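Please read the structure below before turning to the comments.
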C-alpha cells in the first residue's frame, strides 16, 4: 500500500494541504488554562512547515513534550483532561514502528522522512520559550513521512515528569476552499457495539477522508472471529435495511475500508479504536443510503450491519415565563466534538438578576413540590445544585487565563459573566465545556437565574428541553410502600441516542426512615401486582458477559464505561438510589444520562420493568414498576353554540413541555371578548332542564368559574408572566377575541397542562360576550382529540338502588389501555333529604366489589391493592393528600385525594357538580377500579354508608357532554377536520416554527383575525381583560359603557 504522501503525489503533484488547531478551528478548543494555535503545512516534495504556539498556564519548555497521538480525542462523558489520557488517545503515532530502531533519533534528525509522522519535535524541533508562550516555528527540508495522516488525530502536550497530558485537541483540515461532509452512526448487537464517524474534506479536485470506528464486544467469547472487514455500502432504495443486511455477505461495496486502511480490524485490540486517513475518489455525499458493514474475515453473515446518517445538530431550549422573566435560552451543538453556542434572549429581569447556572435536575411540576408555579420550583430540593460532573474545584471567572473546562460545567455566570444590572438581554456565547451529548450532557437539566443579592436567592428557573416533537417518554410509576416515578426520555427517531433518566421516589410510611444504597435495574418482564419476583432477571439483550473472568463489573461503570454494562444495569451505570421518607415533596431526586438504553427499536425497554432492591446493596427486591410509554396529549373543545362554530385545540408532548394551542373559530361577529378554561365540563342540555343546546349550559352553576388551581385570583394581561395568572385565563395571557369575526391562530403556553393533577382535559372552554356583565355565549368540553381512545365508567345512584335518597352519577374517564394516565372524575349528585341547603363532609371511596342489590355492605372494604399502611403510626393522613400527595394514598381513597363531597338539593338543575383529576385511579390493568363500586359515607365525616353504586363501563358514549346541535356555520366539519389535523401535526410543527422563541407575543397573535382595526384594539385588550375579570360576576356592569368612560 502506497503511503498517503505517495497517494497525494499521484493525485495532484502541486496540491498543498494545511491542517492544524487553534481556538477558532479546533474541534475541542482551549483547555486546562491553555490555548493552542497550531498550523501544519504538509507541503510537497520540497518539504513541510509548522507553526506551533501555546499560551496560558504553562511549565518551562524543557518539561513538556509535543506529539500527535494515534487516535482522536473523544469529547463526551468525561472531563477534557480525562479524554486526553494515553489509554484513550494512544501513544505517539508511529504506524511503521520506526522508533523501535536504536538509531531512530539520529536518523530522524538527519532526515525528517525517517521520523514517525506523529513526532513533531523530531520533524520540526522542540518547543522553546517565546516570551509569554511556548512555540516552535519549524521547517522540514524534506517531505515527512505520511504527515497528512495526522488529520483528525490528537495533538498532545505532555508533562514529561508525570507523563500526564496538559492539553490535547484534534487536528482539522484548514486548507482554504475546503468543503466538508460527514456520516455517523451507533449500533449494537450481541456480537459488537460500535460508534462510527466518517469525515471528508473536498478541495480542488481532491478528497481527503478520515474514518474513526470505536468498537467492543458485549461478550468477546461469543465472537466467531478475531478479525473483521469493515466496509461502506450503499443500500439500494428498493431494498429494506433488514433484507439488505440479510443478504450482505456479498454486498455491492462502495468503500472497502479493509483495503483502504491497510488491513482488517483486530477485534481483540485493547484500544477498541480504528482511525484511518486516506485519499479516495469516492465522495461520501453521493451515498444515498450508506450502511456500515463489519463482516467475518472467514466469510458468512455480517457481524454488524448499521445504517449511517449525516450528523444531526442538537438544539435545546430553556423557556422562561415566571416571576416576570420571559424569554428563551437556546443551546446548540453541531456534534460532540464542537463547541456549544448559547443564545440568550430574556426580558423582565428588571435589574434583579445576577448569576445563572445549569443545575442538576429538571424543574418539577408545581404539584410535585406542593407549591404554585414560580420560585418554589427552583429550590435546592427541586433542582439541586450547580451541575458539576467533573468536580471542578477552582472558582470560575470569565477573566483571561481560565478556560471553560476549569469551571463547573454549569457555571455559566463564571464562564461568561452575570446578568447583573440588566433589564433585558440578547447575546450569544461560545462554550467549550457545555456538552449536549454524552453522559455529562446538560439536556433535561435546568437553568436557574439567581437574584443579585446576598446569598444569591433563586429568581426563576426553566428545564432545558429538546424539541417537543422529537421525544419518546417512558415512565415507571411506583405504588405502595414506595411511590414516585422514574421517567426516561430519548430522541424518538434514534434508539442509539442518549436517554435521560429522572428519579423521584419516597416512602409512603412516615415511620420509615430515609434509606440509601438501593441497586436498581431494568428487568425482563412486567411484574404481577405486588410480586416483583415475576419481573424476571436483569434485562441483558446483548448477552454482556457478567462473569469475573470477563472482568465484570470493572468493565462497566459511570461515564464512558457505560457501554460495557449489561443494558439494564442502572446501578453500575449510574450508582445506587436514595429513597426519602413520608410526605417529603419532592422525593429523592436523581438525574442521569444513559448512553445505551433504547426506548424504541428491537431492544426497547418499553413493557419491561424497573426493580429497586433493598438498602445498602441488599439483593431483596423492594419494589417494582412496569415501564409504559407516556403518549403525547391532544385535546379539543369543539364549539357549536350561539352561531359560533370551530375548535380550540391543545397539544402537549410530555409533562413540563409547552402546550400548543390552536384557536379556530367562526361566527364571532365581534361579540366575543374573553375566553377561558372553566372548572367543570359542559353538562348535556337535559342536565340543565333543556331539550336543546343553549348558553344556559355555560352558566356558573353548570361549568363553574375560571380554572385557577393555584388560587392566584389575579387579573392577567400579556405584560406579566403566566405563573401569575389563572391557569385557565387564555385571553388574559394571550389576548382577547374582541373585535373579531373569526380567528385562526396558534400560540404556546407554559402554564396550561394536559398532564397531572392540574390537567385541563375534561374541563371546558367558555366564550364571554363583550356585552354588559360579560355573559357567557358559548362553551364546549375539552375532550381528548381521539374520543375512541377513552374508557368511561359510570356509578349511577338512584333513590331505589341505594341505601338512601342520593341521586345522580359519578363518571370516570381515562385513556384506554394506559392505566398510568390521569383519570377525570365528574361528580353530579343530590340528596333528596336536603331540599334546601347542602349536606357536607361526605367521605367517598372506591370499594372492593360491585354492589349486590341495594346492600352497601356487599361492596366490601376500601380498595387498597397496594396494601398502603393506613394507621396513625404510618402517618397516613400526612403522606396522603390532595395534589402531589395523591400517590401516598390507598388507591380508592377519593376523600383524602380530592376532599369530601357536598350534596345539594335535587332541584333546581343542574345538580351540584364537582370535577377532579386523579393521577392513580386506573380504569384498566391489574389494579383497575372498573367494575367495583363507589360508597358515600355520612355527613361531617360520619362512618355509615348512606349510598353506593357499582361502576359500569359505558359503551354508548366516551364523553360527558358532547354538542348535539348543528352549528350555524356550514363549515363545522371543515373546522373539526382542520383542528384535528392541526393537533395531530402540532407537535411536529411547534418546535421548528417556534425555535428560538419563548412565546408568540401579544401583538402577533391576531394577525389572521378578521375584524375591526386591530392596531388600536390591541392596545386596549389588557384593559378590557382587567375590567372583565373584575366584574365577571356583576350582571349590572356595562363593559361597553365603562370602556367609553
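None of the figures in this text is laboratory data; all of them are computed from the coordinates on show. Quick caveat, the model's predicted, so the values are computed rather than measured. Using ideal geometry, Cβ is built from the backbone for each residue, glycine included, and neighbour counts are taken over all protein chains shown.
Key figures for this structure:
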{"quantity": "Estimated Rh, the range 520-586: Kirkwood, alpha-carbon pairs, angstrom", "calculated": "13.5"}
{"quantity": "Between the range 757-833 and the range 529-560, the Cα center-to-center distance that results, in Å", "calculated": "47"}
{"quantity": "Centre separation in Å (Cα based) which lies between the range 60-133 and the range 210-280", "calculated": "29"}
{"quantity": "Orientation-averaged projected area, Cα convex hull of the range 271-334 (nm²)", "calculated": "9.1"}
{"quantity": "Spatial separation of Cα centroids for the range 580-621 and the range 643-665, in angstrom", "calculated": "33"}
{"quantity": "Neighbour-count ranking [beta-carbon atoms within 10 angstrom, fewest first] of 178, 648", "calculated": "178, 648"}
{"quantity": "The range 469-629 - Rg and Dmax from Cα coordinates, angstrom", "calculated": "15.1, 46"}
{"quantity": "(i) 134, 80, 58; (ii) 111, 68, 63; (iii) 205, 83, 68, with the label sought being that of the calculated Cα extents along the principal axes in Å", "calculated": "(ii)"}
{"quantity": "Shape call, the range 181-307: gyration tensor on alpha carbons, a/c limit 1.5", "calculated": "oblate"}
{"quantity": "Residue order, fewest to most surrounding Cβ atoms within 10 angstrom, among 932, 506", "calculated": "932, 506"}
{"quantity": "Using alpha-carbon coordinates, inclination of helix 972-993 to the longest axis of the chain, degrees", "calculated": "30"}
{"quantity": "Cα gyration tensor, the range 40-149 - rounded (a/c under 1.5), prolate or oblate", "calculated": "oblate"}
{"quantity": "Helix-only [θ]222 nm of the chain, DSSP H runs n ≥ 4, -39500 (n - 2.57) each, per residue, nearest 500", "calculated": "-2500 deg cm²/dmol"}
{"quantity": "Protection proxy ranking, peptides 787-795, 193-201, 317-325, average beta carbon neighbours within 10 Å, highest first", "calculated": "317-325, 193-201, 787-795"}
{"quantity": "Computed over the range 315-465, the ratio Rg/Rh where both radii use C-alpha atoms and Rh is Kirkwood", "calculated": "0.94"}
{"quantity": "Cα-based helix-to-principal-axis angle, 1014-1030 vs the chain, degrees rounded to 10", "calculated": "50"}
{"quantity": "Computed over the range 142-202, the ratio Rg/Rh where both radii use C-alpha atoms and Rh is Kirkwood", "calculated": "1.10"}
{"quantity": "Three-way shape call for the range 796-892 based on the alpha-carbon gyration tensor, with the a/c threshold at 1.5", "calculated": "prolate"}
